Structure formats: structure tokens, C-alpha cells
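S.K.: Please see the structure below; I have some questions.
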Amino acid sequence: MHPPPPLSDKPLAPGLYIVATPIGNLRDITLRALDILNSADLVAAEDTRVAAKLLSAYDIKAKVRRYDDHSDEAARGEILARLAAGERIALISDAGTPLISDPGFRLVAAAAAQGHDIFAAPGPSAALAALAVSGLATDRFLFAGFPPPKSQARRTAFEDLANVRATLIFYESGPRLADSLNDMSDMFGDRPGVVARELTKLHETIVRGRLGELSDRFRGAPPKGEIVVLVGAGQDEVALEADVDQALQTALTRLSPSEAAAEIAKAFGLRRKDLYRRALLLRPPQPETE
Ligand code: SAM
């Protein structure tokens, strides 16, 4: 038996709390999430049975009511009325961060429009967990949720994203994975991809490869469990680095490192500061001064 979690007895301010919950490993919950779930007047949950399991795992007794964005206006109206009365409402989804491919957007938009306080209780989200372990660039990324299930619509959706210079993040299901990867390979080109499966769970697996390879690999062997697919940014970064180095070296034959960095940064849309450091490394050896 685990010791009970150290819950805070500090009173909770009135408002709507967006509470992230584990995406697999039950220990991935924050102490603050437990405080909020324990003290809230109501827990609004995507599925009350899933919520009951979660709450009982932490020995929290809370009043739970089902809420998803398809709930009728009356259900949303009731939560808004409770907020207006000064209650503390926690919103949770079945896993991860509410609103991220999960219900909550309409409620948050309505609560914000009515001027209620909305508090974040951040925690797991499969998209960010997958990005962090992917090995793909993290400086710019675009989360695109679930691709359309039908190939034609999916290809159109991918076409719209083909020129985005950012790591792309999708949620996908096992049975659709190979077809989806194949459409990605056709529409994005054979970029690097990552399939992150069952994150934080017993069968956590990360598979890296080119999109075409990945599609072949999973065809005929659709993986079980939950999946995030990530696609490397539009331009091949290794090639880009080589091109930048080449351009810097040429510029350094006629310019100082700082001028060369400025010129090439502008040409490639990169940061001058980064290129200056690179230019110092690439410039020809300097004659020694006395
Ligand atoms: N709100 C959740 C979040 O913050 O990640 C996402 C909910 S969405 C309905 C569920 C999808 O998220 C799954 O079909 C899968 O694509 C992805 N997902 C959720 N948990 C995952 C996990 N442990 N490993 C990999 N993907 C996961």
C-alpha cells in the first residue's frame, strides 16, 4: 500500500481548472493536480468511469459529472452557472491534457467569454512527450491532431502542411498507421519520421526511419496501442547545414566573420548570432600577431 499523497489544505480559488492526467503511467500526475481534484466542488470528466478509476487510484473522493463538448448546451450552462456562483470546477479528459484532441474547447471559450478565471494544471500530453524523445527538431513544431481517416482527405490535409518548416506531430491509430505513413511519404517527400507508441507504458517503443521505410515496416503488422507520428521539418537539416557552411566559407573569402554571418543569415533566414559562431570556426587560420 502506497502512503497517501501529501495533499495541500490551502483553499482553492474559484474558477475552472484544466487538469492534465497521466497518458499511461499512473505515477505521472502532479501533486497540484491531486490537490485540485481533491478540493474541487465538481470534476467535469470526459468519461465518468475512466475518471472514477483515476480518482480511486489516488484515493480521492470527488463529485464527478460527465462533460464533453458534444454535451448539450444545458450541461455547459450548468458548469458556467456553478462558476458564476464561485465554485471550483476541475476539467479532466480520459488521458493527458484536456482540449488537446480532447473535449474542453467550447467550455473554456465560454468560460473565458464570461470572464471566469481559468487555471492551468499542466502535466502529460502525448504530443510533447513524443516530440521530446523523437530526436527531431524541437525549435518549431506544429501539432495537427488526428489526420482524416479517408486517404483522399488525408492527402489533401498533408498537402496543406507540406510547406510548413516545422516538425509535424500527428495522433494516429494502429490500423491506419501504414496507410497514413504512405500518404505522408507521398505528400511530404521521404522525410525522417518517428513512430512513438505506448509512451510511458510497458510496451513503449520509438521507431525512427524515413517515412517510406516506416510505412513498409508497419504494413501487414499494424501495431497495437496508442501512437504519435512525427515528421521532420520540410528542409533536410543535414543538407541545410552543409549548404550554409559552404556559403559561409565562400563569403569568408571576401568578408569578415561578422559581415559573412550577416549576409548568409539573411540569405538562409537564420540567426546572425548562430552563424557568427560558425563563421569564427570556419574562417581560414589567421596569421599570428606579435
Ligand atoms: N489529450 C491527450 C494528450 O494530451 O495527449 C490526447 C487525447 S487523444 C483522444 C488520444 C491519442 O493521443 C491516442 O490515440 C494517441 O494517438 C495519443 N496518445 C495518447 N496517449 C498516448 C501514449 N501513451 N503513447 C502514444 N500516444 C498516445
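We did not get these values from a lab; they are worked out from the coordinates using the rules stated. Everything numeric here is computed off the predicted structure, so don't read it as measured data. Quick reminder, even Gly has a Cβ in these numbers, built from the backbone with ideal geometry, and neighbours come from all protein chains shown.
S.K.: From the list 89, 18, 36, 100, which one is touching a residue at least 60 places away in the same chain (Cβ under 8 Å) and within 20 Å of residue 128 (Cα to Cα)?
M.R.: 18
S.K.: Let me ask another. Can you pull out the residues in the range 178-200 that are free of Cβ contacts under 8 Å to residues at least 60 places away in the same chain, within 12 Å of the ligand (Cβ to nearest atom) and out of contact with any strand residue (DSSP E or B) (no Cβ under 6 Å at 6 or more places or on another chain)?
M.R.: none
S.K.: Would you check if there is a residue in the range 159-178 being farther than 30 Å from residue 22 by Cα, over 18 Å from the mean Cα position of the chain (by Cα) and of a type in the set (Lys, Arg)?
M.R.: no
S.K.: Can you name the residue in the range 99-133 that is in a helix (DSSP H, G or I) and within 12 Å of the ligand (Cβ to nearest atom) and, of all such residues, is farthest from residue 47 (Cα to Cα)?
M.R.: 133
S.K.: For the range 83-101, which positions are of a type in the set (D, E, K, R) and surrounded by fewer than 19 Cβ atoms within 10 Å (Cβ to Cβ)?
M.R.: 87, 94
S.K.: Restrict the check to the range 148-163 and report whether at least one residue is within 15 Å of the ligand (Cβ to nearest atom), in contact with a strand residue (DSSP E or B) (Cβ under 8 Å, 6 or more places away or on another chain) and closer than 21 Å to residue 126 by Cβ.
M.R.: no
S.K.: Now for a separate question. Within the range 8-51, can you find the residues that are polar (S, T, N, Q) and within 16 Å of the ligand (Cβ to nearest atom)?
M.R.: Those that are polar (S, T, N, Q) and within 16 Å of the ligand (Cβ to nearest atom): 21, 25, 30.
S.K.: Taking residue 153, is it free of Cβ contacts under 8 Å to residues at least 24 places away in the same chain and in a helix (DSSP H, G or I)?
M.R.: Yes: the conditions hold for residue 153.
S.K.: Continuing with this model, one more query. Can you tell me how many residues within the range 156-175 are buried (at least 16 other Cβ atoms within 10 Å of the Cβ) and in contact (Cβ under 8 Å) with a residue 60 or more places away in the chain?
M.R.: So the answer is 7.
S.K.: Further question on the same structure: With the requirement that a residue be touching a residue at least 24 places away in the same chain (Cβ under 8 Å) and within 13 Å of the chain's Cα centre (by Cα), what does the range 103-135 give you?
M.R.: 122, 123, 124, 125, 126, 127, 129, 130, 131, 133, 134
S.K.: Looking at the range 39-53, which of the residues that are free of Cβ contacts under 8 Å to residues at least 24 places away in the same chain and in contact with a strand residue (DSSP E or B) (Cβ under 7 Å, 6 or more places away or on another chain) is farthest from residue 76 (Cα to Cα)?
M.R.: That would be 52.
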